[in-house]
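> Here's a structure for you.
Every number in this text was worked out from the coordinates using simple rules, so none of it is lab data. Please read all numbers here as calculations on a predicted model, not as lab measurements. Cβ sites come from the backbone with ideal geometry, for glycine too, and all protein chains shown count toward neighbours.
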Amino acid sequence: MFDPRTAIFVISGTQGAGKTTVAGLLARRFASGAHVSADTLQKMIVAGGEWPDSRETTVNNKEPEGAVAEQLRLRLRNMCLLGRSFYEAGVTAVLDDIIIGARIDQVREDLAGLEYHFVMLAPGIETVRERERERGTELWREWEWLTRDILDAEERPGLWLDTGDQTPEETVDEIMRRAWDEALVRA
């Protein structure tokens, strides 16, 4: 049976945390659900697209600049606009992106006037490394500081889950049990 409720979920975490997989599975739990992936929105920029570069965005220089910063902000804004549009049409929207630091405030701004459920997937560093190896990548080498920032964050809105010992389905089960009360954020 599908859940009849309508809501907005924001799923965050570092690379390898399982955001995209969990977001897609979560959206499928609802009678009407949509998964809005920030990576998909980024790929829509077919000419002049800029992705964060680990040589420029580092533990000592966490905020990207120039075209990268502008495109990250644009994709986040568009992700939230799509989420809002789906929600207002009666469709549960599950949004996924890496949302930490100032980006948490940007989501609040972009979803102003709405309640949403913020879930941070925060598996340990070893789990992220293993998941990246399974994908055939080693992005964790360049972005491990990001995982550390998430695990050490002082501001923890919503529900933060250590998903290191969970399958994606188990993570979605836990979100469905706990998010309605523990993940609620008023923008």
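> With a 10 Å Cβ neighbour count serving as the proxy for reagent exposure, in which order, fewest first, do I45, I150 appear?
I45, I150
> So what is the calculated 222 nm ellipticity per residue for the chain, using -39500 (n - 2.57) for each DSSP H run with n of 4 or more, over all residues, to the nearest 500 deg cm²/dmol?
-14500 deg cm²/dmol
> Using Cβ counts within 10 Å as a stand-in for footprinting exposure, how do F86, F118 rank, fewest first?
Sorted ascending by nearby Cβ count, the order is F86, F118.
> Using alpha-carbon pairs under 8 Å, 6+ residues apart, how would you state the relative contact order of the chain in percent?
33 percent
> Another question about this same structure. Only counting other Cβ atoms within 10 Å, I'd like S37, S85 sorted with the fewest neighbours first.
By the 10 Å Cβ count, ascending: S85, S37.
> Among bridges DSSP assigns within the chain, what percent are antiparallel (round to 5)?
The antiparallel fraction comes to roughly 20 percent.
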